[in-house]
Amino acid sequence: MTPRELIDTAPVPGGQELKLYRRGADHMIVLDRNELMSSRMSGSEKALAVMTLERLKGRKDPHLLIGGYGMGFTLRAALAELGQGGRVTLVELVPKIIAWARGPMAELAAGCLDDPRVRLIEGDVAAEIASARGSYDAILLDVDNGPDGLTAPANDRLYSAGGLAIAKAALKPGGILAIWSAAPDAAFTRRLRDAGFLVDEVAVKARDNGKGPRHVIWFAQKR
């Protein structure tokens, strides 16, 4: 097997250290012993965007907030589905993630960060959500491995009852809060419902070919 090569490390504000590895043509971003993302498995990250936009069909020029760039799979899938009038506000907490997208993973990024429909904010997605009132047609979150602050402990507030109320206020009527997770979480499903959302919990395969582990996406619609 081709050995894994460490390319770079990146501190997470208020959290641990991310490591970028390369094995042949594949890249992996690792936190401690957790492989957060891999260029080999992109199906569920793409589904986060595609399935959200399917639920927004009929809306003219939707405005999406994407929390977490990762390897850009969700952003690129959103741009492929959005019309020219659609917009994406992308918020990434770790500056080096963006530097990697413009450097060692530039081929994978395929210029998506320079698309004129994209506004990039390097900062905390929780702050952007809190500053918005009825601004977004959808909020897509893939900043942790599930509804807990794995990457940065402060992210716990995104998934709390208070955080869900703030996200709901940031959405337009009928807007969608979509959250990616590596595994189900029945308590979080109940919390979404208790927050007043209409909840659709969907299992999706990790790979484009329908193989690999099952991930979960919650689509929570504002009533």
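Secondary structure note: in region 74-223, about 60% of the DSSP beta bridges are antiparallel. Here the contact order of region 72-186, divided by its residue count and restricted to Cα pairs under 8 Å and six or more residues apart, works out to 26 percent.
When peptides 70-83, 16-29, 177-190 are ranked by their average number of other Cβ atoms within 10 Å per residue, the highest-first order is 70-83, 177-190, 16-29. For the chain, lysine pairs with C-alpha atoms less than 30 angstrom apart, excluding pairs fewer than eight positions apart on the same chain, total 28. Let me make sure I get this right: for region 111-222, a, b and c are the square roots of the gyration tensor eigenvalues over alpha carbons, sorted descending. Under 1.5 in a/c it's rounded, otherwise prolate if a/b > b/c, else oblate. Which is it? The shape class here is rounded. Dipole magnitude for the chain: about 640 debye, using +1 per Lys or Arg Cβ and -1 per Asp or Glu Cβ, origin at the Cα centre.
Compute the Cα gyration tensor for region 50-166, then decide on rounded, prolate or oblate, letting a ≥ b ≥ c be the square roots of its eigenvalues: rounded whenever a/c is under 1.5, prolate when a/b is larger than b/c in the other cases, and oblate in all that remain. Taking the square roots of the gyration eigenvalues as a ≥ b ≥ c, region 50-166 is oblate. Normalising the average separation of contacting C-alpha pairs (under 8 angstrom, six or more residues apart) by the number of residues puts the relative contact order of the chain at 19 percent. Placing unit charges on the Cβ atoms of the charged side chains and taking the dipole of the chain about its Cα centre, the candidate lying farthest along the positive direction among P3, M41, V216 is V216.
Between T89 and L64, L65, I66, R119, the built amide H atoms are under 5 Å apart, and every one of these is 5 or more places off in sequence or on another chain.
Put simply, the Cα atoms of region 164-223 extend 36, 22, 15 Å along their principal axes, the longest span coming first.
Descending by average beta-carbon neighbour count within 10 Å, the peptides 114-121, 84-91 line up as 84-91, 114-121, the highest first. Relative contact order for region 4-80: what is it in percent, counting Cα pairs under 8 Å that are at least 6 residues apart? The value is 20 percent.
Principal semi-axes of the equivalent ellipsoid, √(5λ) from the alpha carbon gyration tensor of the chain, are 26, 19, 17 Å from largest down. Send over the per residue convex hull volume for region 1-112, Cα only, as a whole number of Å³. Enclosed volume per residue, from the Cα hull, is 106 Å³.
Rule-based calculations on the coordinates, nothing more; no lab input. In this text, all values refer to a predicted model and were calculated from it rather than measured experimentally. Neighbour counts run over all protein chains shown; Cβ positions are idealised from the backbone, glycine included.
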